[in-house]
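The values are calculated or read from the model by the stated rules, or taken from the named source; none is laboratory data. Nothing here was measured: the structure is a model prediction, and the numbers come from that model. We place every Cβ from the backbone using ideal geometry, glycine too, and count neighbours over all the protein chains shown. The accessibility values were calculated without ligands, DNA or RNA, using every heavy atom of the protein model including side chains. Shrake-Rupley method; radii C 1.70, N 1.55, O 1.52, S 1.80 Å.
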Amino acid sequence: MSDKKKIEIRDLTKIYGDGVEVRALDGVDLDIEKGEFLAIIGPSGSGKSTLLNMIGILDTPTSGTILLDGIDITTASQRQRSKIRNQKLGFIFQYHHLLPDFNAIENVMMPLLINGIKKSKAKKIACEMLEEVGLYDRANHRPNQLSGGQNQRVAIARALANNPDIVIGDEPTGNLDSKSSDIIYDLLRKLNKEHDQTFILVTHDERMAEKTDRIIRLVDGKIVENSKVE
Amino acid sequence: MYELFIAIRHLTSRRRQTVLSVIGIGLAVMILMVSQASIVGLNQVLYTSIVDKIPHVIIKPGPDEDHIYLYNSFVEDIKNIDGVIGVSPVLFGQATFEYKSHSRNVIMQGIHVDDHDSVLGINGYITHGSFRDLEMSHNSVVLGDALADKLDVKIDDLIDASFPQAYPATLKVVGIYDSGTPQDESLAFTSLSTARDFFDVSSVVNSILIRVDDPDTAHLVSDSINNPGVVASSWMETNPEILQLSKLKSISNIILMGLIIIIASFSMVSTIFMMVMGKTKEIGMLMAMGASRRSISVIFLLESGIMGFIGPVLGVAVGILICLQIGSITMDMGEGSFGGESAFPFIVRIRDAVVIVLFTFILNLLGGIIPARRASTLDPVEALSSE
Ligand SMILES: Nc1ncnc2c1ncn2[C@@H]1O[C@H](COP(=O)(O)OP(=O)(O)OP(=O)(O)O)[C@@H](O)[C@H]1O
Ligand SMILES: [Mg+2]
């Protein structure tokens, strides 16, 4: 057991209010440790995506703090947010969100290029990443020439390209059949072990959640279960 | 510079829209280039054919004077002014010419033939006889062709010249000229001494005409002449309508063409706008990957910048080709001051080409700010979940 706290969430609240007030998150406290493989589950509308977007600094909370390596990211400047997103975070969404005009390898290179890494070096790293997700032979295919599962694996390679500390996935297998889901899950688990990165996954799939280290259950914006998986 | 990488890919992936936008801008710029070259060319024709035929500076006696005295040393001074290439002292006045039953009121101009030729190139207009003969024999005259027709005279005929307060004289026709202007009906040349005897004056003139090597600098020459008892004015002052006309034409051309370019740029900006709308999700993903808002707007500014540069460069190039092509076809323009075999006078100035390209480029960049701003201010969460 490591006592290195990667992420410390304190009293996090997000209220959407256009007329009717919606408490998407309601006083969430959560600590996540380095290298953890975590599942967030809960009914639809319980605030899972909202929480993940906060951790990914894509969205700002109404109140509360999120410390990432001891730094409060909720008050960071636009510039710092972009930089943290680029260097410390990797995103996987339900839809792969690959750039349709670029082939697989270029898509994987993109976070590296944004990070200011030279094209030749970015290409080398992207090749390795594609190899790791088993798609090296599809490097020059565009998203519309790949299957849903393959695109999702390219998206994973992209999320991991900058060797981020934290990988967050919002229903990364939500669009896939169970066989492809298993492949993706096993891949994520393997990468988590190899790179000692923190993985936070939102899922509807209880079976998949059972295979993680810890399950967080949200209901109505509150954590109602926080249990280690045996 | 991944922004450029993405911008170029966006443009090349939507080849048809990109090409259409570039063609739109290019066509507008091409029209502007051709029209500008023709305006500049026409202005040049106006210059060479009109300004060339008038004195660039005219010196007249001051308000209280009838004549310019001691003009010989004055003329020498003027010849020493920078840019002056011809000076002609002139004594003119009205006269009535009679031949048989015909009679006309004319302007009689006493000149030194060589001096006057150096200012107005009169020797080129002669059709019968010669200007030089004016100085060979006293009481000789050269008439405009229209005037000779009206009086029904030919070379060697003798005309009776008279006027109140003038000494009547009999003048022998030694030449007929055709300048192609209305003055051919009313202007007759004699030598200075013939004119002096006729008008009964001593060694004076009543105007001095000047030619300068660059007509655009005529006002500088006229400004530098400020002797007492005389008034100097440049052709810009005596014939302001020439400049006004060409300026008006240029301005109306610029306004019209500016509007065309703005419309073309507008369509390009809307292309970029469509691009941004269609790429909302991608923009959200780029933001999630850590692209800064600045980088997002740079991507779309680059796109409008690239199209807004390639379009005008191609347009100007094609425009210049068109000018050269049309400009090389000669056609018969008929009679008159612009007559003869000539091609349409396109003048392509590099300065115009550069200004047109820069103007269009900057306009497109400015227009591109709108969609670029829109892209860079998207909310990443909303963008990613958009339909
Ligand atoms: N932009 C928004 N404006 C208003 N309300 C919002 C907005 N985004 C989310 N909500 C509301 O916040 C609550 C939490 O939404 P969230 O997307 O986090 O749910 P979720 O747990 O991810 O659900 P699902 O499993 O369906 O994806 C919901 O009630 C939702 O309607
Ligand atoms: Mg969700």
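Which residues, taken from the range A:100-138, are at the interface with chain B (Cβ under 10 Å from one of its Cβ atoms) and open to solvent by 70 Å² or more (accessible area, probe 1.4 Å)?
Within the range A:100-138, A:Lys119 is the sole residue that qualifies.
Within the range B:272-292, can you find the residues that are facing chain A (nearest Cβ under 7 Å), touching a Lys or Arg at 6+ places or on another chain (Cβ under 7 Å) and assigned to a helix (DSSP H, G or I)?
Answer for the range B:272-292, where residues must be facing chain A (nearest Cβ under 7 Å), touching a Lys or Arg at 6+ places or on another chain (Cβ under 7 Å) and assigned to a helix (DSSP H, G or I): just B:Ala288.
Residues that are assigned to a loop (DSSP other than H, G, I, E, B), under 24 Å from A:Pro172 (Cα atoms) and hydroxyl-bearing (Ser, Thr, Tyr): does the range A:78-87 have at least one?
Going residue by residue through the range A:78-87, those that are assigned to a loop (DSSP other than H, G, I, E, B) are none.
There is no residue in the range A:78-87 that is assigned to a loop (DSSP other than H, G, I, E, B), under 24 Å from A:Pro172 (Cα atoms) and hydroxyl-bearing (Ser, Thr, Tyr).
Looking at B:Phe163, B:Phe199, B:Phe189, which one is under 16 Å from B:Gln94 (Cα atoms) and either open to solvent by 60 Å² or more (accessible area, probe 1.4 Å) or touching a Ser or Thr at 6+ places or on another chain (Cβ under 6 Å) (or both)? Give the steps one after another, and end with the answer.
Numbers: B:Phe199 fails: either open to solvent by 60 Å² or more (accessible area, probe 1.4 Å) or touching a Ser or Thr at 6+ places or on another chain (Cβ under 6 Å) (or both); B:Phe189 fails: either open to solvent by 60 Å² or more (accessible area, probe 1.4 Å) or touching a Ser or Thr at 6+ places or on another chain (Cβ under 6 Å) (or both).
From the options B:Phe163, B:Phe199, B:Phe189, the qualifying one is B:Phe163.
Is the range B:242-249 home to any residue that is under 21 Å from B:Thr360 (Cβ atoms) and open to solvent by 90 Å² or more (accessible area, probe 1.4 Å)? Spell out the reasoning first.
Filtering the range B:242-249 down to residues under 21 Å from B:Thr360 (Cβ atoms) leaves none.
Looking through the range B:242-249, none of the residues is under 21 Å from B:Thr360 (Cβ atoms) and open to solvent by 90 Å² or more (accessible area, probe 1.4 Å).
Considering only the range B:118-139, how many residues are of a type in the set (Phe, Trp, Tyr) and open to solvent by 40 Å² or more (accessible area, probe 1.4 Å)? I'd like the intermediate steps shown before the answer.
Start the filter on the range B:118-139 by keeping residues that are of a type in the set (Phe, Trp, Tyr), which leaves B:125, B:131.
Now restrict to residues that are open to solvent by 40 Å² or more (accessible area, probe 1.4 Å): B:125.
Selection size over the range B:118-139: 1.
For the range A:90-99, which positions are within 11 Å of B:Ala288 (Cα to Cα) and either free of Cβ contacts under 8 Å to residues at least 40 places away in the same chain or within 8 Å of chain B (Cβ to nearest Cβ) (or both)? Step through it out loud before you land on a result.
Quick first cut of the range A:90-99, residues within 11 Å of B:Ala288 (Cα to Cα) only: A:90-93, A:97.
Answer for the range A:90-99, where residues must be within 11 Å of B:Ala288 (Cα to Cα) and either free of Cβ contacts under 8 Å to residues at least 40 places away in the same chain or within 8 Å of chain B (Cβ to nearest Cβ) (or both): A:Phe91, A:Phe93, A:His97.
If you go through the range A:147-176 one residue at a time, how many are open to solvent by 40 Å² or more (accessible area, probe 1.4 Å), polar (S, T, N, Q) and either within 16 Å of ligand 2 (Cβ to nearest atom) or within 18 Å of A:Glu206 (Cβ to Cβ) (or both)? So that I can check it myself, show each step before the final result.
Kept after step one, since they are open to solvent by 40 Å² or more (accessible area, probe 1.4 Å), are these residues of the range A:147-176: A:147-148, A:153, A:163, A:165, A:174-175.
Narrowing further to those that are polar (S, T, N, Q): A:147, A:163, A:175.
The next check asks that each one be either within 16 Å of ligand 2 (Cβ to nearest atom) or within 18 Å of A:Glu206 (Cβ to Cβ) (or both); those that pass are A:175.
Residues flagged as open to solvent by 40 Å² or more (accessible area, probe 1.4 Å), polar (S, T, N, Q) and either within 16 Å of ligand 2 (Cβ to nearest atom) or within 18 Å of A:Glu206 (Cβ to Cβ) (or both) within the range A:147-176 amount to 1.
Quick check on my filter: what residues within the range A:25-58 are in contact (Cβ under 8 Å) with a residue 40 or more places away in the chain, of a type in the set (D, E, K, R) and away from ligand 2 (no atom under 13 Å from the Cβ)?
A:Asp26, A:Asp29, A:Glu33, A:Lys34, A:Glu36
Could you please find all residues in the range A:214-223 being within 13 Å of ligand 1 (Cβ to nearest atom) and either crowded, with 17+ Cβ neighbours inside 10 Å or closer than 14 Å to A:Asp29 by Cβ (or both)?
Of all residues in the range A:214-223, those within 13 Å of ligand 1 (Cβ to nearest atom) come to A:216-223.
A:Ile216, A:Arg217, A:Leu218, A:Gly221, A:Lys222, A:Ile223, listed by residue number.
Residue by residue through the range A:16-72, note down the ones that are within 14 Å of chain B (Cβ to nearest Cβ), open to solvent by 40 Å² or more (accessible area, probe 1.4 Å) and more than 9 Å from ligand 1 (Cβ to nearest atom).
Within the range A:16-72, A:Thr60 is the sole residue that qualifies.
Please enumerate the residues belonging to the range A:177-218 that are of a type in the set (A, V, I, L, M) and within 16 Å of ligand 2 (Cβ to nearest atom). Give the steps one after another, and end with the answer.
At the first step, the residues of the range A:177-218 found to be of a type in the set (A, V, I, L, M) are A:183-184, A:187-188, A:191, A:200-202, A:208-209, A:215-216, A:218.
The answer is A:Ile200, A:Leu201, A:Val202, A:Met208, A:Ala209, A:Ile216, A:Leu218.
List the pairs whose first member sits in the range A:162-187 and is more than 16 Å from ligand 1 (Cβ to nearest atom) and part of a helix (DSSP H, G or I), whose second member is among the polar types (S, T, N, Q) and open to solvent by less than 10 Å² (accessible area, probe 1.4 Å), and whose Cβ atoms are under 8 Å apart, counting only residues at least 6 apart or on separate chains?
Correct list of pairs: A:Ser180/A:Gln152; A:Ile184/A:Gln152.
Results for (1) part of a helix (DSSP H, G or I); (2) not assigned by TED's automatic domain parsing to the domain that holds B:Gly367, shown as yes or no for each residue.
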residue	(1), (2)
B:Phe198	yes, yes
B:Arg211	no, yes
B:His219	yes, yes
B:Asp223	yes, yes
B:Asn227	no, yes
B:Ala232	no, yes
B:Leu259	yes, no
B:Ile263	yes, no
B:Phe266	yes, no
